[in-house]
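Remarks on the structure that follows.
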Amino acid sequence: NDTLGYDDHDDDSDSDADRPSAYDQETLASLPEDVRREVLDQEKRARQERHRQKQTTKVSGKGSVGAYSVNIPAGYDPDTFAALPLDVQQELLDHAARMKRSSGVTYAAEGYDHDAILDAVVATARPASGHFTSCTYTGEYNSNGKRHGDGELNWANGDRYVGKFKDGFIEGRGTINFHDGTEYTGQWRKNRFHGDGTRRFKNGNVYTGNYVDGKRQGQGRCYFANGDMYVGDWKDDTIHGFGRYYYNNGHSFEGMFRNGKRNGRGKYQLTDGRVEIYRYVNDSRVGDGVRWSANRTKAWRMVDGKVKGRVSMEEATGIANKCGPVVETT
């Protein structure tokens, strides 16, 4: 047999560049040394190229719209990425890895509020266990080969995002459903909740309002699972500023909050219409306060939550003013 014994198969399961040659060994031995070396080098390069193409193979679909295994950096179209020189590909992969390490964010449905979805920036999502969880993208790309327009991300753990993308990022309006049954629907910017949105939490709470860089901030309304409701200011994902809190027993509080606790002047209204004005420090009433009757014709001085005697309307107003301004700078 005078033909070369080259096995033209597509088995890329062995990624070791130095595996035995597929050529007939006797044929190779008969070749001059320089020709044999060139043949082996060519075979090695072809094997490496097939392995590289397999790593960036599309799951399904053709052209600029389709489903792809997300194992390339920053939302690049696999076809565009595969056409880049190997050193450029490696540089992009290294950069994505550095960005992932510097972000310090790990991905886990349990114990993480999902308010920062940075994992969609890079090739994979990393759960708390340290193992990588791949995801698949289906959707549109722009002329630069980045995710852009309408699209969908599906993580192997069951999480799913459907909505807008811009230059490789989740940006615009979209919905993410987490595998633990929770979800967020609303505005995004660079893979973070940003703008108006609604978040349903695992404990049954539902927040509707403004987000900034993945955190509840600005005006928002939260319906708590126990029947309470808060409407007002938020900062860094916490009730902070002026707001109204409605308790499930029919009572309500209106006043200042700092870091989730009542701080400053507050008005507490009971179900029968009586109203109390107090100054609060870390949720506790301090100093003198005042209580008005439901029809606001009678008033009592209050000390540490206890009635200390009747006072005139003028005295009641003076006590209330000493509790501080209705709205304070936070």
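Counting heavy atoms of the protein chains only and a 1.4 Å probe, report the per residue accessible area for region 223-305 as a whole number of Å².
Numbers: 3920 Å² over 83 residues.
It amounts to 47 Å² per residue over region 223-305.
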Would you work out which of Gly220, Ser293, Val206 lies farthest towards the positive end of the dipole of region 180-299, given +1 charges on the beta-carbon of Lys and Arg and -1 on that of Asp and Glu, about the Cα centre? Ser293
Going through Lys261/Lys306; Lys190/Lys261; Lys215/Lys267 one by one, the pairs whose alpha carbons sit over 26 Å apart turn out to be Lys190/Lys261; Lys215/Lys267
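For a protection proxy built on the mean count of beta-carbon atoms within 10 angstrom, sort 219-232, 277-290 highest first, please.
Details: 219-232: 16.1, 277-290: 18.7.
Order by mean packing, descending: 277-290, 219-232.
Return the carbon/sulfur percentage of the accessible area of region 129-209, one whole number, probe 1.4 Å, all protein chains in place. The partial results should precede the final answer.
Values: 1640 of 3690 Å².
Within region 129-209, the accessible surface is 44 percent carbon and sulfur.
Let's see if you can work this out: charge +1 on each Lys and Arg Cβ, -1 on each Asp and Glu Cβ, no other charges. What is the dipole magnitude of region 278-330 about its Cα centre, in debye to the nearest 20? Working shown, then result.
Values: 10 positive and 6 negative charges, 58 e Å.
Using only the charged Cβ atoms, the result is roughly 280 debye.
Using +1 on the beta carbon of Lys and Arg, -1 on that of Asp and Glu, and nothing else charged, what's the dipole of region 179-330 about the Cα centre, debye to 20? Show your work: numbers first, answer last.
Values: 27 positive and 17 negative charges, 43 e Å.
It comes to approximately 200 debye.
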Counting sequence-distant residues (5 or more places) and residues on other chains, those with an amide H built under 5 Å from that of Lys146 are Asp77
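Which order, highest average first, do 141-151, 241-251 follow once you tally other Cβ atoms within 10 Å for each residue and take the mean per peptide? Please report the intermediate quantities before stating the final value.
Values: 141-151: 18.0, 241-251: 15.1.
Descending mean neighbour count gives 141-151, 241-251.
Work out the FRET efficiency for Arg173 and Leu92 from their Cβ-Cβ distance, taking R0 = 22 Å, and round it to the nearest 0.05.
My answer for the efficiency is 0.15.
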Zone residues, region 150-193, relative to Asp213, backbone N less than 14 Å from point 7 Å out along Cα-to-Cβ: 189-193
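Does region 192-330 classify as rounded, prolate or oblate by the C-alpha gyration tensor (a ≥ b ≥ c root eigenvalues; a/c under 1.5 gives rounded; else a/b over b/c gives prolate, otherwise oblate)? Don't skip to the answer; put the middle values down first.
Details: a/c = 2.96, a/b = 2.06, b/c = 1.44.
It comes out prolate by the Cα gyration axes.
The values are calculated or read from the model by the stated rules, or taken from the named source; none is laboratory data. Values in this document were obtained by computation on a predicted structure and should not be read as measured data. Neighbour counts run over all protein chains shown; Cβ positions are idealised from the backbone, glycine included. Keep in mind that these areas ignore ligands, DNA and RNA; they rest on the heavy atoms of the full protein, side chains included. Shrake-Rupley method; radii C 1.70, N 1.55, O 1.52, S 1.80 Å.
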